[in-house]
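Structure record follows, encoded as structure tokens.
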Amino acid sequence: MLAINKINKQALIEYEDFLFMYVEEEEAFDSEKIFYVDAIIINSSSTRLFEKVLKVTRTHYDAEIYLKPIFCVQYEGLPLQVIERCDGLTDVTQYQKIARTTREIKNNVQKLFLQQKFPSNEFGVLYKTMQYLYTRNHDLVPFVNRHARLSYTYPFVSLQLEDEEQKKILDILKKGIQDGFLREEQMLDKIHICDACYSAHHNIRETCLHCNGIDLKVQDLIHHFQCAYIGPETDFMQEYTDDLICPKCQKILRHIGVDYDKPSHIFNCNTCSEHFQNPVFTYNCVDCGKISDIRHLQEHLIKRISLTAKGKQLVLSGLPRKTYESDSKAKEVTGVYELDVFKNILEQEKARTAFNPGRTFFGKVAVVDEKLNGISWKEKMILRDELARELKSYLKEYDMVTAVSAGEFYFLKLECTPEKLEELGELIVFNLEALVRSNVKDSQVVVSVNTQPVLHNQTVVM
Amino acid sequence: MDFIIEFFKYWNYVGLGKMIRIFWYFIFFEFGRYVVLEFWVLFVYWLGRKRRAKEWEAARQALYNEMPLISLIAPGKNEGKNIFKLVKSLNEQTYQNVEVIIVDDGSDDETPIIGRNLEKNGLIDIFIRNDMRGGKASAANLAWRYSRGKFLLHLDADCSFDRTAVENIIIPFYLDPEIGGVGGNVKVRNGDVSLCARLQSIEYLKSISVGRIVTSYLGIYRIISGAFGAFRMDALKKIGVWDIGPGLDGDITVKLRKSGYKIHFEPTAICLTAVPTKFSKLWKQRLRWSRSLVRFRLRKHLDVFLPHRNWRWGTFLGFVENVFYNFVLDIKWYIYIADMIINFSSWIWFLIPMNLALYMIAGFMQQLSLSLWSERSEDERVLWWYVPLMVFYVAFFLRFCRTLAYIKEFFWKASYRDPWNPQKSSYQALKNGY
Ligand SMILES: [Zn+2]
Ligand SMILES: [Zn+2]
Ligand SMILES: [Zn+2]
């Protein structure tokens, strides 16, 4: 069943049970309609139109839209950046093929867990990329693109970040690989990017060792065996003949390897007139104008990347709640802080103790139990938060606690005496041990508390 | 015990006249030249110390008023590990308006990496490497080609220097404008490593530290040591810098003299060098040094014996002294030994100990004059114990080495096959009669 409902240059095509959006011109593209079509077919040689459609869809917050299939009608000389990023090249009549691919993608999208919140923007990008790879059942294959800052464009991922932020892609993918969600496949290329703006576009030149000038002249050194004279070729050159004549002994050089040779070369800087043999190779960044030694360029490997089983599992079941809510949870209980915040406050307290010494203490609580290794990560996080809250309940309102892990906590006790602190330590040990025992089966838990005074100008050993 | 009584009885019976007849070689050539003459010259030199100190101070002022740029060049092969130490020691110098030029003559170790690094960090001014080795002369010439100083200091990379060494080696140029080259005082740094090195410490003190004061004073000083020698840049240009070695130190000195420049030895410009610590290595080194005598004195520069435009008594006498003491006497010594064996064979067991005793006495007398002159005589006191051994070292080890070298060079021109120079250069030098 094929029905074409053409409105201006933008048409909606019904095929089987699908509705395709068919776009020929930029002005005709109505982004409002994307939501209810099943796929988009672009029939235009304009890269701009393609880029616009891609940008609007792929950066949408709704998974149904950012994962929408996009097809392109085959043209002669269609640029790589189009070919590599659409879900298929097609002919205007190949609706069957389009429908098949669309169905596959749609089915895969439906299997996904609809994750809405992410612990960070970067993680969001990683997560969405994994969803994209899962639904396309395809590896992430970056392709050369001279318009891209990194000189490589990653399908889907590159669109999620602004041009200046493209370097983050590498970090995001690296994180995904470290966490086991992604895997590196074969290496495609090496790129060298500016350490200031992460651009891969630069000129590489030889520059003077002494003044960074680029006006250099290189010459061979000539060694005349007979008299041991050695100097640059110009020393031997004559004004009116092509002969090379030794300036020391006035003999004509005849045969290389027999009476003379060229053992080396030398550069002469026309700016500062210094001599040297090894110029510095510098780059001049096209994007930010930085000039620096090429050794300062960052090297990155460009690889094909695939989704691992763990990655698939993640996009199918979603993130464990704690990872993206731990921030907010920890802050719910007043006085339980993130480690970074805690360290910050500790520094402030240290400064304060200059005026009020001997009354502030740093404590370290260690919870050691072999059984803890047996419980799941999720459970561990729950236990961690519970222990932190419990610990906080023995402290005053203005005291602070942070959880490093389920087995390690720090606290900061203000306005205290060593005697009181010792009592407090015993109390903490007793109660935390009880708490772990009630939560973990066959627990052999040992809790220990170590304290040290916080002193001005003295490092706290963590 | 009986032997000692017999020994003295014998010499008492022989008497002075006959003793001179027996030890003529020692008395006229060795004792006369190295003890009597040296003591006399050093005494005269010592008398002039006050006048010299005054002139020296004036020359020093002149140097610091002008503050000329001095190019320090260190050509060499596989010296990487020494370059950093060298640069450090140069940074300590009292005179600082210098540029440092290192030429790496085809090293096959990490020298280029070290050199480039020092150049990049501004510790040396130019580091030039020849991928193909060209020999010591061409390396020095290359360094000279890129030197911009008014004076050029040729250094060995494995040497280190007293803090005032650079200043003191340049000052003589301001004492006398006719001076074209100044030799520094080379002493042994690693004397305490082995017996071999100890003996060389004494030898260096004798032949360089004191020996050269004497030859310089007499105007017959011959060799500006390549380990530490200074040259006027214009003089070097005039004489066409270095020719192919070995013995290029002596060669360039002769060329300077022939062009009419004076040569000066400066005992206060002190540099320490590491000497071979094994006799086998020392043997090879000395073979090479000795061969250059034949090659340069007797072949290349034979014209100093003939009258020509820049003919000088000093140059002539220096040559004669050098050839005489090293070459003629070397042959005479064998004649002397033969004389002893043939004419005094029955008394040989009395002659040998007496001969050794005389040499030792002379040795101790020389050591006395060394310690009077040295600025580090405290450190060198230990050397006294080794003086008796010097007799054997000088009379046998060095002499046999020298004889062998002369024979080889004179009859077979061995130095042209010396692996010390690349084959291509040696071939060309032989063909063109250098
Ligand atoms: Zn020539
Ligand atoms: Zn320059
Ligand atoms: Zn840049």
Of all residues in the range A:281-296 being touching a helix residue (DSSP H, G or I) at 6+ places or on another chain (Cβ under 9 Å) and among the hydroxyl-bearing types (Ser, Thr, Tyr), the one that is nearest to the other protein chains (Cβ to nearest Cβ): A:Thr282
Residue check, B:Asp379 in contact (Cβ under 8 Å) with a residue 12 or more places away in the chain and of a type in the set (Asp, Glu): no
Hits in the range A:77-110 (condition: under 14 Å from A:Asp38 (Cα atoms) and among the β-branched types (Val, Ile, Thr)): A:Ile98, A:Thr101, A:Thr102, A:Ile105, A:Val109
Boolean, B:Leu42 is surrounded by 19 or more Cβ atoms within 10 Å (Cβ to Cβ), in contact with a Ser or Thr (Cβ under 8 Å, 6 or more places away or on another chain) and part of a helix (DSSP H, G or I): no
Failed item, numbered, when A:His210 is tested on (1) within 16 Å of ligand 2 (Cβ to nearest atom); (2) open to solvent by less than 10 Å² (accessible area, probe 1.4 Å); (3) not acidic (Asp, Glu): (2)
Single condition A:Lys190 does not satisfy, out of (1) within 26 Å of A:Asp287 (Cα to Cα); (2) within 16 Å of ligand 2 (Cβ to nearest atom): (2)
First in the range A:194-209 and within 10 Å of A:Val286 (Cα to Cα), second anywhere and away from ligand 3 (no atom under 11 Å from the Cβ) and part of a loop (DSSP other than H, G, I, E, B), Cβ under 6 Å, 6 or more apart: A:Ala200/A:Leu150; A:Ala200/A:Ser151
Unmet criterion (only one of (1) within 16 Å of ligand 3 (Cβ to nearest atom); (2) facing chain B (nearest Cβ under 8 Å); (3) polar (S, T, N, Q)) for A:Asn278: (1)
A:Gly213 vs. criteria within 9 Å of chain B (Cβ to nearest Cβ) and more than 25 Å from B:Ile252 (Cβ to Cβ): no
Output for the range B:79-93, where each listed residue is within 30 Å of B:Arg60 (Cα to Cα) and either free of Cβ contacts under 8 Å to residues at least 12 places away in the same chain or open to solvent by 50 Å² or more (accessible area, probe 1.4 Å) (or both): B:Phe84, B:Lys85, B:Lys88, B:Asn91, B:Glu92
Helices (runs of 4 or more DSSP H) contained in the range B:130-238 and holding at least 2 residues open to solvent by 10 Å² or more (accessible area, probe 1.4 Å) and more than 27 Å from B:Glu92 (Cβ to Cβ): B:195-204, B:211-218
Enumeration of residues in the range B:95-117 that are open to solvent by 10 Å² or more (accessible area, probe 1.4 Å) and outside any loop (DSSP other than H, G, I, E, B): B:Val98, B:Val100, B:Pro112, B:Ile113, B:Ile114, B:Arg116, B:Asn117
Residue list for the range A:400-415, filter: over 15 Å from A:Ala366 (Cβ atoms) and either open to solvent by 80 Å² or more (accessible area, probe 1.4 Å) or at pLDDT 85 or above (or both): A:Leu412, A:Lys413
Single residue of the range A:156-207 satisfying the filter (within 16 Å of ligand 3 (Cβ to nearest atom) and small (Gly, Ala, Ser)) that is least open to solvent (accessible area, probe 1.4 Å): A:Ser199
Qualifying position, being aliphatic (A, V, I, L, M) and exposed (fewer than 13 other Cβ atoms within 10 Å of the Cβ), among B:Ile5, B:Ile70, B:Ile27: B:Ile5
Residues satisfying the stated conditions in the range A:220-232, i.e. more than 10 Å from chain B (Cβ to nearest Cβ) and either in contact with a His (Cβ under 8 Å, 6 or more places away or on another chain) or free of Cβ contacts under 8 Å to residues at least 24 places away in the same chain (or both): A:Asp220
Any hit, the range A:118-133, residues being on the phi < 0 side of the Ramachandran plot, touching a Cys at 6+ places or on another chain (Cβ under 7 Å) and not aromatic (Phe, Trp, Tyr): no
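Matching residues to (1) aromatic (Phe, Trp, Tyr); (2) in contact with a Phe, Trp or Tyr (Cβ under 9 Å, 6 or more places away or on another chain); (3) surrounded by fewer than 18 Cβ atoms within 10 Å (Cβ to Cβ):
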| position | (1), (2), (3) |
| --- | --- |
| A:Glu64 | no, yes, yes |
| A:Asp91 | no, no, yes |
| A:Phe113 | yes, no, yes |
| A:Val125 | no, yes, no |
| A:Lys128 | no, yes, no |
Pairs where the first residue, in the range A:428-447, is at positive phi and the second is in a helix (DSSP H, G or I), C-beta under 9 Å, 6+ apart: A:Asp442/A:Lys371
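The values are calculated or read from the model by the stated rules, or taken from the named source; none is laboratory data. Worth saying up front: this structure is predicted, and the values here are computed from it rather than measured. Every residue, glycine as well, gets a Cβ built from its backbone with ideal geometry; the counts of neighbours run over all protein chains shown. The protein model used for the area step is the full one, side chains on, heavy atoms only, and it has no ligands, DNA or RNA in it. Shrake-Rupley method; radii C 1.70, N 1.55, O 1.52, S 1.80 Å.
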